[in-house]
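The structure appears right after this line, and notes come after that.
The values are calculated or read from the model by the stated rules, or taken from the named source; none is laboratory data. Note that the structure is a prediction, hence the values are computed from the model and not measured. Quick reminder, even Gly has a Cβ in these numbers, built from the backbone with ideal geometry, and neighbours come from all protein chains shown.
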Amino acid sequence: MSAGSGQAIESVLKEGRSFPPPADFAAQANVTPTHYDEMWRRAKDDPEGFWGEQAENLHWFKKWDTVLQGGFADARWFAGGKLNASYNCLDRHLDSWRKNKAAIVWEGEPGDTRVLRYQDLHREVCKFANVLKSLGVKTGDRVTLYMPMIPELAIAMLACARIGAPHSIIFGGFSADAIADRNNDAQSKLVVTADAGWRRGKQIELKGKVDESLQRSTSVQKVVVVRRTGADVDMKPDRDYWWHELMEGASTDCDAESLDAEHPLYILYTSGSTGKPKGVLHTTGGYLLGTTMTTRWVFDLKDNDTYWCTADIGWVTGHSYIVYGPLSNGATTLMYEGAPNWPDEGRFWQIVEKYGVNIFYTAPTAIRAFIKWGDAWPGKYDLTSLRLLGTVGEPINPEAWMWYHRTIGQERCPIVDTWWQTETGAIMISPLPGVTATKPGSCTKPLPGVVPDIVTESGESLPDNQGGLLVMRQPWPSMLRTLWGDHERFVETYLSKIEGCYFAGDGARRDEDGYYWVMGRVDDVLNVAGHRLSTMELESALVSHPGVAEAAVVGYPHDLKGEGICCFVTLKTGEGGEELKKELIDHVRTQIGAIATPDQIRFAASVPKTRSGKIMRRLLRDIAAGKETIGDTTTLEDYGVLAKLREESEG
Ligand code: WTA
């Protein structure tokens, strides 16, 4: 999709259904309509006063002097305040009955389980924080976590937060090259990994990839390895250490550092429209406030809930809504290591039944897979414990929403469709389950304190029901503060496009009821199975193959993944065949990782470009989607003909 120049984006989706909150749900909700109105008014009249009041929900070692200093480009939230995220997620629950409450309920893919009560988790985190210190990690040093979905990942995160060493988590599906790039950019001092992880009954190698990445490392000194599967690994003396050996002798005493509210909590790399991944930086106070309050408001968390977010902690959803948000609220958060279809397609529903899951948060791409697998799988299990459902990651098709509502929610559970981004840190636009009537496919309305708008490329507000660019008009506490090591790129990417606003990179419209309908990315970023991939990065990966002269990558509608990856490839010499297609697919997988596996490779004699040299992506998108048919090997003339045909048909 392209926004055109100052033109509105045409929105074709029309959806008339509406679902008010069930009365019994509304009656017990954390946020009631009256409460919501109050918060909304307070946030509108005095945003800083509002956020200051909300911040009382965190534990501060020292109270802040000012709520907000500066604007988008130099915002400082809660300046003068001191706190610690690990303290907020652990210590503050220990002098209440929650000491013995389950913090993390974990299930491994093979079926092994672990439950860590708040006091257990606290103890493990203190020990690992001491391990980090003993390996030379100091406040401010970066630590990379490249791990499977095991409790040690959450322990390592909170240990980093405890000593003020920002973590940089790299999703376990990324390649050695991707790890090396991120480690070098962040100048990480230490990597925590595991021998391997389980996925669909197979072992996914992790330590081996880290070893390979370290050949190009400019900063990493030590590696800590969790033994998860028992896979063979090489341990390099004086560099590599076993987690269990280090933990054995570690002290359980470790005070949480008193950190500035703006102390960096973590870096998380995400794709942008240019090649290099962006190191999104989140800081302590504002991020924790955003995740804590949104978890309470949107997921309506109660102390007796079992809450399950199915994301991987390698993505922001896992950071905010498996670890920081739930634990800061003293909740029980469920963590599952493996695939949804192992040993069979009923695994998620078996887990819901086994643990009596009450709140379930997943992605539209997963929902589309469930639909494909058939209603018989959820039908085999008792899902009556569920009381609230959520989705995130991409727009949900109204029909998938309806299936989720009927088959999983049994027409009883409200659905919260939550719009947010790695950059926003926390949920921004979402229903409140006891307040907002939902419409399938809409993320509904902004949360209190969030001020979005829909604008043209020149920044003018658009009237209702006209598609345009989604922006934020006001800073919010959990927003990213910068891109690691590149403040200029931060300003340029998010703050320069629409003056005075944060530009999210999404197209959207607002309807006559003030509901937001997100239409997808307007930049050169694909959303594949809820994961952001940059077309530029994919193109660079293809061009790094010796046979490739030029590449253009576009997305196209894909039944399961939302968007599929289509690569137009121009070769240096000769013609491509099936063999080379396979080779290029493997090449992209080794360069970026399995998440970036191309769905289509199309050899073309040339790539169509505008006079100024820009790839004509709209044309390529249409071809990839099968809207235009052309021969196997496309020439510039063919593209020319297509472009002309379209001009004529569009008048
Ligand atoms: C998309 C994931 C429609 C959007 C938390 C955004 C959504 C990008 C929704 C961020 C939603 C996320 N409805 N689109 N409910 N949630 N998106 O950084 O394009 O991995 O900009 O963060 O996902 O993806 P990210």
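Among the residues of segment 399-408, are any in a loop (DSSP other than H, G, I, E, B) and away from the ligand (no atom under 16 Å from the Cβ)?
no
In segment 608-628, how many residues are surrounded by 16 or more Cβ atoms within 10 Å (Cβ to Cβ) and over 30 Å from the mean Cα position of the chain (by Cα)?
The number of residues fulfilling the criteria is 2.
Please go through segment 436-476 and give me each residue that is assigned to a strand (DSSP E or B) and of a type in the set (Gly, Ala, Ser), ordered by number.
Passing the criteria: SER461, GLY467, GLY468.
Of (1) more than 19 Å from LYS133 (Cα to Cα); (2) at pLDDT 95 or above, LEU190 satisfies all except one. Which?
(1)
What about LEU289, is it within 25 Å of VAL392 (Cα to Cα), touching a helix residue (DSSP H, G or I) at 6+ places or on another chain (Cβ under 6 Å) and surrounded by 24 or more Cβ atoms within 10 Å (Cβ to Cβ)?
Here the answer is yes, as LEU289 does meet what is asked.
Against the conditions (1) more than 11 Å from the ligand (Cβ to nearest atom); (2) in contact with a Ser or Thr (Cβ under 6 Å, 6 or more places away or on another chain), where does LEU432 fall short? Just the number, please.
It is condition (2) that LEU432 fails.
Does segment 384-398 include one or more residues that are more than 16 Å from the ligand (Cβ to nearest atom), of a type in the set (A, V, I, L, M, F, W, C) and closer than 23 Å to LYS354 by Cβ?
Yes: one or more hits.
Of all residues in segment 594-607, which are under 21 Å from the mean Cα position of the chain (by Cα) and either in a strand (DSSP E or B) or among the hydrophobic types (A, V, I, L, M, F, W, C) (or both)?
ALA594, ILE595, ALA596
Return the residues of segment 245-272 that are at pLDDT 95 or above, surrounded by fewer than 21 Cβ atoms within 10 Å (Cβ to Cβ) and over 23 Å from the mean Cα position of the chain (by Cα); say none if nothing qualifies.
Across segment 245-272, the qualifying residues are GLU245, LEU246, MET247, GLU248, ALA250, SER251, THR252, ASP253, ASP255, GLU257, SER258, ASP260.
May I ask you to list the residues in segment 409-419 that are within 16 Å of the ligand (Cβ to nearest atom) and touching a helix residue (DSSP H, G or I) at 6+ places or on another chain (Cβ under 8 Å)?
PRO414, ILE415, VAL416, ASP417, THR418
Among (1) surrounded by fewer than 21 Cβ atoms within 10 Å (Cβ to Cβ); (2) away from the ligand (no atom under 16 Å from the Cβ), where does PRO448 come up short?
Going through the list (1) surrounded by fewer than 21 Cβ atoms within 10 Å (Cβ to Cβ); (2) away from the ligand (no atom under 16 Å from the Cβ), PRO448 breaks only (1).
Any residue at all in segment 191-205 that is over 28 Å from PRO340 (Cα atoms) and surrounded by fewer than 24 Cβ atoms within 10 Å (Cβ to Cβ)?
The answer is no, given that none of the residues of segment 191-205 is over 28 Å from PRO340 (Cα atoms) and surrounded by fewer than 24 Cβ atoms within 10 Å (Cβ to Cβ).
Suppose we keep only residues that are more than 25 Å from ILE396 (Cα to Cα) and either β-branched (Val, Ile, Thr) or in the same structural domain as ALA596 (by TED's automatic domain parsing) (or both) within segment 490-537. Which one would you say is surrounded by the most Cβ atoms within 10 Å (Cβ to Cβ)?
So, considering only residues that are more than 25 Å from ILE396 (Cα to Cα) and either β-branched (Val, Ile, Thr) or in the same structural domain as ALA596 (by TED's automatic domain parsing) (or both), the one surrounded by the most Cβ atoms within 10 Å (Cβ to Cβ) is GLU537.
For ALA339, work out the one condition from (1) surrounded by 21 or more Cβ atoms within 10 Å (Cβ to Cβ); (2) hydrophobic (A, V, I, L, M, F, W, C); (3) under 20 Å from the mean Cα position of the chain (by Cα) it doesn't fulfil.
(1)
Mind listing whichever residues of segment 477-487 are surrounded by 19 or more Cβ atoms within 10 Å (Cβ to Cβ) and in a loop (DSSP other than H, G, I, E, B)?
Matches in segment 477-487: PRO477, SER478, MET479, LEU480, ARG481, TRP484.
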